[in-house]
Structure formats: C-alpha cells, structure tokens
Amino acid sequence: MVIQATTRVESLSTSGIHQIPKEYIRPQEELRSITNIFDEEANKQKPQVPTVDLTDIESDDPEKRHKCLEELKKAAMEWGVMHVVNHGVSGDLIGRVKAAGEGFFGLPVEEKEKYGNDPDGGRTQGYGSKLANNASGQLEWEDYFFHLVFPEEKRDLTIWPTTPSDYTDATTEYAKQLRALATKILPALSLGLGLEEGRLEKEVGGIEELILQLKINYYPKCPQPELALGVEAHTDVSALTFILHNMVPGLQLFYDGQWVSAQCVPDSIILHIGDALEILSNGEYKSILHRGLVNKEKVRISWAVFCEPPKEKIVLKPLPETVSEAEPPLFPPRTFRQHMEHKLFRKNKDEVMQN
C-alpha cells in the first residue's frame with residue numbers, strides 16, 4: 001500500500017516555485033546563522049574538520065599503530081567527527097553504492113512512492129519526507145530512503161528498491177564492509193579510554209546485536225536556501241555514524257561556538273561519534289551538534305549509516321572506569337529507546353517554549 005502523507009520536497013523543487021512554503025522557513029534566530037554553503041566551504045579561516053588516516057589502525061608496528069590510535073582519539077575527543085581515509089572500503093564499491101542511490105532518486109516520484117513509508121503507522125522504513133512532529137510544524141528540505149542493512153537476517157528486502165538492479169548487491173556488500181570497519185574503530189576507541197579492546201563493542205551490542213541502518217538523504221535544489229535547512233541541528237543517537245556524499249558541500253558542525261562547514265575530502269568517509277559512545281565515555285568522546293545546508297545550484301545526496309545498539313537489551317550509562325569523584329557521571333542510565341524518546345520529548349518541549 002502506498003502512503004502519500006506529505007508533498008515530496010523534490011516535487012516542490014521541480015515545480016518552478018520561487019518562494020518556499022512557510023513550513024520550511026526556519027525561526028528568525030536560526031536564520032541569522034544560515035549562510036551560502038559554497039562561500040562557507042571556501043573559507044579556510046575557520047577550523048577544519050580533522051582527517052584521520054586509518055592505514056595503521058591494525059599495524060603490527062606498535063609505534064605506527066599508536067600514532068594512528070592517538071589521532072583517532074584526539075579527533076573523537078576534540079571534534080567527535082572526522083574524515084577517515086585509507087579506511088579499507090574500496091573506491092569501486094563506494095562508486096556502486098552512490099550510483100545505486102542516485103539511480104533510485106533519479107526515478108520519477110510516482111515510482112519512488114511505491115516504497116513510501118508510514119511513520120505515523122509505525123512503518124519507518126522506506127521512502128519518505130519529514131512529517132511535522134513538533135509544535136512549530138517546521139519541515140526539512142529533504143526527501144530520504146531509510147532501511148535496516150545489517151545484520152542480514154533482520155533486513156526486510158521487500159522494501160528495498162529493485163531499480164537500479166545493483167542496489168541490493170552494492171548496499172549489502174557496503175554494509176558488511178562498514179560493519180568490519182566498525183570492528184576496527186571501536187577497539188581503537190576503547191584503548192583510547194584505557195579500556196580493554198573489546199569493551200566498547202560489547203557495550204553497544206557486539207557482533208550479534210549492533211544494527212546498521214542506512215538513510216539516503218536527498219536534498220533538492222532550493223530556491224531560497226538562506227531560509228531553509230536540509231537537516232536541522234541535532235546529534236546522532238547512534239554509537240557511530242558513517243557518511244558518504246556526492247561531493248556537494250552541506251554538512252556543518254557546531255564547533256567552538258560557531259558553525260563550521262566540512263570540506264569535501266576525496267575518497268574519505270565521514271565518521272561521527274554518536275550519543276551512545278558519548279554516554280559510555282562520560283563525555284570524553286563528543287557527539288557533535290551538526291546540520292545540513294541546502295543550495296539553489298546543485299542537488300546534494302548523502303548516505304548515512306547509523307550503527308545502533310539494541311533498543312531494549314542494553315542500558316547506556318557512563319562506564320565505571322570513566323567515573324570518579326572529580327568526574328561524576330554526566331548521563332543517567334537509559335536504554336537506547338529511552339534515550340531516543342528523551343531527546344524527542346526534550347526537543348518538542350524546547351520548541352513549545354520558543355513559540
């Protein structure tokens with residue numbers, strides 16, 4: 001059954017409108033910080049998101065491995081986001097994943113609607129656009145395709161696109177390789193906290209329970225980009241998030257009291273530390289506030305894979321080793337589901353108070 005719950009942003013973008021509907025216009029205090037993304041990306045005066053080379057993350061040479069782990073730890077503590085290069089995921093596979101996503105979003109809207117989701121009805125996977133689930137009624141300038149990609153036995157292939165034909169094969173292999181990459185990064189981050197290597201992975205669900213969800217974000221051209229956001233400011237609830245994009249800038253991070261635009265780094269994957277690791281590390285690792293800008297010249301597409309702990313089976317709280325009299329716990333114990341509900345409640349409450 002196809003649910004057409006809202007106007008697709010792509011349809012608005014291609015309709016020839018010169019002004020965006022009021023539901024997409026951000027509040028006045030937010031508008032002051034929205035700038036031209038191409039000017040921002042060219043501005044080298046602002047801080048730059050770090051780039052971390054993962055070549056030696058599992059090196060047999062202790063000195064080389066230590067240097068790599070220290071760079072990863074520094075980026076996770078200072079920024080909570082980084083470009084990772086030499087990550088082990090082949091350029092050919094990344095090209096296939098991008099081509100598959102671009103191919104799906106290149107289909108007519110009515111074809112994509114066959115995969116339409118129904119968040120209000122509990123069916124979150126599929127093709128969608130943000131519904132107004134807050135007091136302000138604000139919408140984001142994006143359409144998306146969202147579904148679980150790993151473990152394979154938990155997937156629902158009936159909602160995966162059959163066009164392009166390579167979508168399932170490319171996405172399946174990419175998910176496997178990202179899961180393997182997470183199993184390199186989590187031990188390194190464990191060591192950075194003075195823990196045994198396997199600790200963080202175990203605390204977010206291990207091989208059996210950690211799930212990977214893919215969200216392909218499609219940001220159409222916007223006639224008034226200075227008034228809208230592709231994705232509003234948020235932190236990721238995940239343990240880790242891996243992001244690819246089509247080399248059109250748009251990602252901004254709130255760092256050192258200002259919005260900083262991420263550069264487009266060829267052959268990199270953007271790695272975010274999510275809330276789950278920030279909680280477990282008692283704030284040592286940062287889950288950075290970030291948002292997406294849009295523009296009137298180019299379509300932007302990003303592929304975000306969220307590595308998430310199971311919703312109920314694990315209680316997220318600062319690990320005992322990260323807590324002391326001088327460093328008391330910064331976060332109360334919550335399941336992953338409770339953490340997500342807490343963030344949604346707090347966000348809605350804040351918006352009610354602002355209006």
Listed by range, helices (runs of 4 or more DSSP H) wholly within segment 194-307 having at least 2 residues that are in contact (Cβ under 8 Å) with a residue 24 or more places away in the chain, under 17 Å from the mean Cα position of the chain (by Cα) and under 21 Å from residue 83 (Cα atoms) are 275-280
Within segment 89-124, the residues that are among the small types (Gly, Ala, Ser) and either surrounded by fewer than 15 Cβ atoms within 10 Å (Cβ to Cβ) or more than 30 Å from residue 287 (Cβ to Cβ) (or both) are 90, 91, 95, 99, 103, 106, 116, 121, 122
Conditions (1) surrounded by 16 or more Cβ atoms within 10 Å (Cβ to Cβ); (2) touching an Asp or Glu at 6+ places or on another chain (Cβ under 9 Å); (3) farther than 30 Å from residue 167 by Cα; (4) not hydroxyl-bearing (Ser, Thr, Tyr) -> residue 49 fails only (2)
For segment 15-39 the number of residues that are of a type in the set (D, E, K, R), free of Cβ contacts under 8 Å to residues at least 60 places away in the same chain and either touching a Leu at 6+ places or on another chain (Cβ under 9 Å) or not in a loop (DSSP other than H, G, I, E, B) (or both) is 3
Expected single match for at pLDDT below 95 and exposed (fewer than 12 other Cβ atoms within 10 Å of the Cβ) among 23, 63, 29, 41 is 29
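Which one of these is touching a residue at least 60 places away in the same chain (Cβ under 8 Å), hydrophobic (A, V, I, L, M, F, W, C), surrounded by 15 or more Cβ atoms within 10 Å (Cβ to Cβ) and over 20 Å from residue 83 (Cβ atoms): 170, 182?
Only one candidate passes the filter, namely 170.
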Is segment 295-309 home to any residue that is in contact with a Ser or Thr (Cβ under 6 Å, 6 or more places away or on another chain), at pLDDT 95 or above and β-branched (Val, Ile, Thr)?
-> no
Considering segment 108-153, residues that are within 22 Å of residue 310 (Cα to Cα), in a helix (DSSP H, G or I) and at pLDDT 95 or above, and then whichever is farthest from the chain's Cα centre (by Cα), we arrive at 153
Over segment 237-291, the set of residues of a type in the set (S, T, N, Q), touching a strand residue (DSSP E or B) at 6+ places or on another chain (Cβ under 7 Å) and over 22 Å from residue 42 (Cβ atoms) is 238, 241, 287
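The values are calculated or read from the model by the stated rules, or taken from the named source; none is laboratory data. Values in this document were obtained by computation on a predicted structure and should not be read as measured data. Glycine also receives a Cβ, built like all others from the backbone with ideal geometry; neighbour counts cover every protein chain displayed.
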